[in-house]
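See below for the structure under consideration.
The values are calculated or read from the model by the stated rules, or taken from the named source; none is laboratory data. As the structure is a computational prediction, the values presented were derived from the model and not from experiment. Using ideal geometry, Cβ is built from the backbone for each residue, glycine included, and neighbour counts are taken over all protein chains shown. Quick note on the areas: whole protein, heavy atoms, side chains included, nothing else; ligands and nucleic acids left out. Shrake-Rupley method; radii C 1.70, N 1.55, O 1.52, S 1.80 Å.
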Amino acid sequence: MAAGKSGNCKMLEPFKPPPSKRSRKERNRGKLPGSTPASEVMDQEIWKEFPEDLFEAVIARLPIATFFRFRSVCRKWNSLLESQSFSHHCAEIPQANPWFYTITHENMNVGAMYDPSTKKWHHPTISFLPAKMIALPVASVGGLVCFLDIGHRNFYVCNPLTQSFKELPARSVKVWSRVAVGMTLNGNSTDEGYKILWVGCDGEYEVYDSVKNSWSRPGSMPSNIKLPLSLNFRSQAISIDSTLYFMQSDPEGIVSYNMVSGVWKQFIIPAPIHLSDHTLAECEGRIMLVGLLTKNAATCVCIWELQKMTLLWKEVDRMPNIWCLEFYGKHVRMSCLGNKGLFMLSLRSRQMNRLVTYNVMSREWMKVPGCVLPRGRKRQWIACGTAFHPCLTATA
């Protein structure tokens, strides 16, 4: 046996059972609160030489939700928002799923933001808005959200994450009855400016240019577009490149406006039958439609995609049947709170109030946890909202 291989000796050793996995409580037993192994202690002599540009690159790649915490660490970290190099690092990171800025029925002058990556609600305070003013989020682009003040009929633009805020100049046209709003960027970011379009049902419209900080009336709507337009502040526009698209109901179809060329177009597109509460949506340049299909007592949420060759809607997905059974026999209403690749849908009736998201790329339906105010217990009912891509460096 002595002449044998060492492996044979190991075979003669008594069997030892594998070590059992200890619980976290057992592993932490005997440790002092806050104590860390010596190998985890950060050597100040090393880390004080950490390159500044690499430091900003790391911060830019942290989850957006951590911004609320790291901003209050020190003045230097808070000043990153004004750093050109930090802005450059943020621009290199691909856009994640959008967040949703919403308004609840119980607190119309207080917003609630939903982060789908962490499935958590945040409750920012936009201190620049006048007190007790109802400002509805009606459009967004590049990390900025456009608000429309119903009471004073003014527009405001804000970055909900950083509180960068601007009140837009008064409009030259005193038109209020039912307007729809859309936003586009002049370039790749808000550094190059942005434009806002409002259009009324009677065809009146104006364009705001942030570079000039003024409203203009580029022209009049072509005579071939039938008026009045069936629009209101819930008629969420979608933007693809520099073109805005609005839903039209009479005749059924889409109206578009190119913010660069100033050209209006109308597309006659018949809507699916038994359709209600429908909204335009967009995903990677594709025009989508989300709405309720109701027949007899059955109701279902469906998703369509516009076929560019035939200008017809093609159904591409619908809510799981087991979810739709909850709607059976109920008068369900739906509103789309976000329409940029990830949709948030508010489904409500007298007996229920549901929030769900739908991811166009993964075709995944997810239930959204209830929105509860801090130190509160009552679940809030979402009134309206819009999707926005969170951006730390976007300035109004």
Worksheet item: D for segment 261-396, whole µm²/s, Stokes-Einstein with Kirkwood Rh over alpha-carbon pairs at 20 °C and 1.002 mPa s: what number?
Response: 130 µm²/s
Worksheet entry | D (Stokes-Einstein, µm²/s), Kirkwood Cα radius, segment 316-388, 1.002 mPa s at 20 °C | 160 µm²/s
Item to complete: Return the long-range amide H neighbours of Gly142 (sequence gap of 5 or more, or a different chain), with a cut-off of under 5 Å between placed amide H atoms.
Response: His389
Worksheet item: In the calculated pair distance distribution of segment 201-256, what percentage of Cα-Cα distances lie above 15 Å?
Response: 57 percent
Worksheet entry | Cα-based convex hull volume of segment 183-307 per residue, rounded to whole Å³ | 116 Å³
Worksheet item: In square angstrom, rounded to the nearest 10, how much accessible surface does Met113 have for a 1.4 Å probe?
Response: 0 Å²
Worksheet item: At a Förster distance of 56 Å, what's the computed FRET efficiency of His274 paired with Glu192, Cβ-Cβ distance as r, to 0.05?
Response: 0.80
Item to complete: List, in the order given, every pair from Lys265/Lys314; Lys120/Lys308; Lys265/Lys330; Lys76/Lys166 whose Cα-Cα distance in the structure shown is over 29 Å.
Response: Lys120/Lys308; Lys265/Lys330
Discussion item. Which GluC sites (Glu not before Pro) in segment 182-290 sit in a loop by DSSP (not H, G, I, E or B) and have at most 11 other Cβ atoms within 10 Å of their own Cβ?
Written reply: Glu284
Worksheet item: Largest first, what is the accessible-area ranking of Cys201, Cys391 with a 1.4 Å probe?
Response: Cys391, Cys201
Item to complete: Hand me the chymotrypsin sites (Phe, Trp or Tyr not before Pro) from segment 257-331 located in a DSSP loop with no more than 12 other Cβ atoms within 10 Å, in residue order please.
Response: Tyr328
Practice prompt. Roll a 1.4 Å probe over the protein heavy atoms and report the accessible area of Leu227 in Å², nearest 10.
Written response: 80 Å²
Worksheet item: Just the accessible area for Val260, please: 1.4 Å probe, Å², rounded to the nearest 10?
Response: 120 Å²
Worksheet item: What is segment 168-320's relative contact order, in percent, from Cα pairs under 8 angstrom and six or more apart in sequence?
Response: 14 percent
